[in-house]
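The values are calculated or read from the model by the stated rules, or taken from the named source; none is laboratory data. Being a predicted model, the structure only gives us computed values, none of them experimental. Reconstructed Cβ throughout: ideal geometry from the backbone, glycine too, with neighbour counts over all protein chains shown.
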């Protein structure tokens, strides 16, 4: 059974720990005026890296992003919330599911905008993989 994310727009609340919260700003837009997907992925990478770094108690590096799914656009002014949950710990690696949700409008309605699985490797000061400290 795969642990890759599947499109699940029916989920009505975030899954996992809140790791990043920020506001989408005009400088983060693409040519269409929507928030650039690369900016959103970088927020997700930062959030998942926090989980990996805290777990490994060391430097980490992103080695893969799997199953990235964009469900909805992000607009300027949306509050972006990234929620992460640990899926698996290997000898040197960690797989983390991360979801991005936005709070939109005056009522703060939550809407899932994207999700993916980020894989990190624990590394030493010379950039070499080392076992995850559990």
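Summed over the stretch 87-134, the residues that are over 22 Å from the mean Cα position of the chain (by Cα) and within 16 Å of residue 72 (Cβ to Cβ) give a count of 1.
Applying a threshold of 6 Å to beta carbon distances and a minimum spacing of six or more residues, or different chains, the list of pairs starting in the stretch 70-92 at a residue that is farther than 22 Å from residue 51 by Cβ and ending at one that is surrounded by 21 or more Cβ atoms within 10 Å (Cβ to Cβ) reads 72/113; 76/24; 78/24; 78/102.
With 85, 104 as the choices, which residue is surrounded by 15 or more Cβ atoms within 10 Å (Cβ to Cβ) and closer than 25 Å to residue 129 by Cα? Spell out the reasoning first.
On the way: 104 fails: closer than 25 Å to residue 129 by Cα.
It is 85.
Residues of the stretch 54-65 that are assigned to a helix (DSSP H, G or I) and in contact (Cβ under 8 Å) with a residue 24 or more places away in the chain: 55, 56. For the residues 90, 33, 47, the requirement of being out of contact with any helix residue (DSSP H, G or I) (no Cβ under 7 Å at 6 or more places or on another chain) and either at pLDDT below 95 or exposed (fewer than 12 other Cβ atoms within 10 Å of the Cβ) (or both) singles out 33. Scanning the stretch 66-108 for residues that are touching a strand residue (DSSP E or B) at 6+ places or on another chain (Cβ under 6 Å) and assigned to a loop (DSSP other than H, G, I, E, B) yields 71, 72, 74, 78, 92.
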